[in-house]
Amino acid sequence: MLTHEENELLCRVEGSAPMGQLMRRHWTPVCLIEEVSEPDGAPVKARVFGEDLVVFRDTNGDVGVMDEYCPHRRVSLVLGRNEDCGLRCLYHGWKMDVKGNVIEMVSEPQASVASQKVKHKAYPVQEWGGLIWAYMGADHGTATMPAFAPPAWAPTADTHVTIAKAIIPCNWAQILEGAIDSAHSSSLHSSDMVPARVATAQTTETTWLRPSTDKAPRLQVERTGYGFRYAAIRRPIINAAATDYVRSSVFVAPATTLIPPNNLYNVANINVPMDDTNTAFYFMAWGHKATTPNTATWRKFLGQTVGVDLDVTYRSLRNRDNNFWQDRAAMKAGNFTGITGFPNQDVAMWVTMGPIADRTNERLGASDLAIVEFRKLMLDAVKAFQAGGAAIGTGDLAIPKSVCAYQAIMPKATDWRTYPARYVWDETAPALEPSYSA
């Protein structure tokens, strides 16, 4: 368990909170590219680290990520006119370009030089892997600002990435802890991740098959400069005397998890703190286009489709008031949770912990090794950052390109740390069947 003070240090991200300042030293997703795909289209509201932002694509196709509120009278630019390579405020017609330059002040005399004295806050932007990224560190726009580096789940420009997005009304850390907790999947997701006599983890249109019935994995952790790797070691269904079934996950600080893949595609998520009590949760399938589901299929499989499962702002229609649409009749018929879509099962757990989980009253066990390591690691990292050190996972401590999550059945004598893992990418594999991919 943590003390109240440690919990606050781990969870708080707004304003000058040390954890938020650490996170700002990393390039951070702000929204999906699809939300601002149209030049001169409607601006989009975003919120990251307690800061309200406006995102827009200008006439030339360039994307701006700026302070939501006009520098003149502080009204929302989300309502503004996106036209002629700039975002124009409705109140007095001031217009800003994607760099935050005030290019027109129509309410001021023509001879005024006021526009030369005003610079609206705008952040450096990168489009990659289906997301709009911004660098929001205090050194943004300076020589010390780090260059954008592709994330481990979108290593190349031709990587096919499919993303489901949901806004979760709770703190980022309890979501991240759920993502790195391998033990819970054998219970919470047992109706969707089904034990089967298969040689490796496989996926169908409705379930993920696992070659193990073991619900109490042995956990081992290896701390690194970018976070940690860990293994959940289970008894396989086949040849349990000589082999282990290993699922190795990777925590990439500050808020990404690389999840063990199935036979067709890789899986990851990133958890972006909107503020202390709301998180933008992005869940990615990625790999070769032939074997990675398309966007509509992925979101349907997860139960994360806008207009069906989510409202237009990506907030879940399942909530505490309606018990997350839990079906008790389905539970009596054999479904473990009665909640459709395994991320929705996770969401129910995260949300019912409260806006910020109270970790002072927990009783942790051996299956919580990764949770304990995450807390120790991030508390150590934020204290080192407060003392003037580099943010965890930056510079020379960034994750090597060779590191990936994996799952495999291997001889008991094999060390999972040295296993020659590769992410799933098979150009020769047959394309997904139409019933699965459409």
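The values are calculated or read from the model by the stated rules, or taken from the named source; none is laboratory data. Keep in mind the model is a prediction, meaning the values are calculated, not measured. A quick note on method: Cβ atoms are made from the backbone with ideal geometry, for glycine too, and the neighbour counts reach across all protein chains shown. For the accessible areas, the whole protein counts, side chains as well, though only heavy atoms, and no ligand, DNA or RNA atoms are used. Shrake-Rupley method; radii C 1.70, N 1.55, O 1.52, S 1.80 Å.
Quick look at the values:
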| quantity | calculated |
| --- | --- |
| Whole-number accessible area per residue in Å² for the chain, which is evaluated in the context of all protein chains at 1.4 Å | 44 |
| Where trypsin sites (Lys or Arg not before Pro) fall in DSSP loop in region 360-428, at most 15 other Cβ within 10 Å | 363, 401, 412, 422 |
| Free-standing Cys residues across the chain, given no other cysteine C-beta under 4.7 angstrom | 11, 31, 85, 170, 404 |
| Candidate residues 165, 119, 300: accessible-area rank, largest first, probe 1.4 Å | 300, 119, 165 |
| Apportionment of accessible area to carbon and sulfur, region 1-80, percent (1.4 Å) | 47 |
| Degrees between helix 369-386 axis and first principal axis of the chain (Cα, 0 to 90, nearest 10) | 30 |
| Region 194-273, accessible surface, carbon-and-sulfur percent (1.4 angstrom probe) | 54 |
| Within straight-line cross-link reach of residue 215, lysines at Cα separation under 23 Å, skipping those fewer than 8 residues along the same chain | 332, 412 |
| Residue 104 long-range amide H proximity, modeled H, under 5 Å | 95 |
| Local electrostatic count at residue 318 - Lys and Arg +1, Asp and Glu -1, tallied over other residues with Cβ under 12 Å | -3 |
| Whole-number Å³ per residue for the convex hull built on Cα positions in region 76-198 | 205 |
| Given 13 as the ceiling on other Cβ atoms within 10 Å, longest exposed-site-free region of the chain for GluC sites (Glu not before Pro) in DSSP loops | 206-361 |
| Cubic angstrom per residue, convex hull over Cα atoms of region 21-66 | 69 |
| Of 103, 351, 290, farthest towards positive along the dipole that unit charges on Lys, Arg, Asp, Glu beta carbons give the chain | 351 |
| Rg/Rg_ref, region 126-266, where Rg_ref = 2.2 N^0.38 Å and atoms are Cα | 1.24 |
| Sites matching trypsin sites (Lys or Arg not before Pro) across region 1-70 that sit in DSSP coil, with at most 16 neighbouring C-beta atoms within 10 Å | none |
| Largest-first principal axis extents of the Cα set of the chain (Å) | 85, 52, 46 |
